[in-house]
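A short worksheet on the structure shown next.
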Amino acid sequence: MEPQPSHDLRPLPRTVSNPYAELLASVRHSARLTRAELSARVGAPEHTVALWEDPAFEGVDLSILGRVARATGREVDVRFRPVRREELHQESPKAQSVDQPAPLRNLQAS
């Protein structure tokens, strides 16, 4: 028996791999910049800036955050804070890795 083709044309759900996407878009908007203007300031193609703001893109790191911060008149503030007792007993989220450091996931645009 041959497998039947799927007629479900709904898009597959997107995985959020980039916890900074919303933050980067928010910082750009608050600086009143288009993607084209930001791309000119950071020296990257416009499609690259669009990737940085894509929740499924996995390539955003601290250097990119710094470039966007400088281009928008901001700075990146990374803090190490003591873990609260109640947090010690919680399971660590899988998103914490070398690629996505936990302290940066909580940054907000101001």
Cleavage-rule hits (trypsin sites (Lys or Arg not before Pro)) in segment 23-89: DSSP loop, at most 15 neighbouring Cβ within 10 angstrom: Arg32, Arg79, Arg84
DSSP-loop chymotrypsin sites (Phe, Trp or Tyr not before Pro) across segment 47-91, with at most 14 other Cβ within 10 angstrom: Phe80
- line: Exposure proxy check on His89, His47, His29: fewest-to-most Cβ neighbours within 10 Å is His89, His47, His29
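None of the figures in this text is laboratory data; all of them are computed from the coordinates on show. These figures come from a predicted structure and were not determined experimentally. Virtual Cβ from ideal backbone geometry, glycine too; neighbours counted across all protein chains shown.
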